[in-house]
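The values are calculated or read from the model by the stated rules, or taken from the named source; none is laboratory data. The shown structure was predicted, so the numbers you read here are calculated from the model rather than taken from an experiment. Cβ: placed from backbone, ideal geometry, glycine included. Neighbour counts: every protein chain shown.
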Amino acid sequence: MQLSARIATWREERGLSQTDLARHVGVTPAAVNHWEEGKTQPTHENLALIAQALGLSMSEFWGPLPKRKAS
């Protein structure tokens with residue numbers, strides 16, 4: 001799975017908006033949107049902050065994604 005989809009999936013799983021994640025990482029909501037759309041990629045430093053904001057280690061971030069809940 002691409003990095004963009006991984007960020008979006010984990011963020012949604014944690015119930016955070018793009019604005020929430022942006023605040024935790026110290027970037028604009030537009031930056032998070034660009035990451036999730038695959039237009040840009042976060043720096044290594046920001047990637048570590050993303051994982052931290054999501055309550056994940058880097059291993060967990062890159063590991064299996066949570067199962068989607070049935071609607």
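Going by the conditions given, is Ala22 more than 11 Å from the chain's Cα centre (by Cα), over 19 Å from Met1 (Cβ atoms) and among the hydrophobic types (A, V, I, L, M, F, W, C)?
In short, no.
Quick test of your reading of the structure: Leu16 fulfils all but one of (1) within 11 Å of the chain's Cα centre (by Cα); (2) modelled with pLDDT under 95. Name the failing condition by number.
Going through the list (1) within 11 Å of the chain's Cα centre (by Cα); (2) modelled with pLDDT under 95, Leu16 breaks only (2).
Cβ-Cβ distance below 8 Å, separation of 6 or more or different chains: which pairs start in region 42-71 with a residue that is among the acidic types (Asp, Glu) and end on one that is at pLDDT 95 or above?
Glu60/Ala51
Pull up region 35-71, narrow it to residues that are at pLDDT below 95 and basic (Lys, Arg), then point me to the one that is farthest from the chain's Cα centre (by Cα).
My answer is Lys69.
Helices (runs of 4 or more DSSP H) wholly in the chain with at least 2 residues that are surrounded by 15 or more Cβ atoms within 10 Å (Cβ to Cβ) and out of contact with any Lys or Arg (no Cβ under 8 Å at 6 or more places or on another chain) - which ones?
Filter on the chain gives 3-13, 18-25, 29-37, 44-53.
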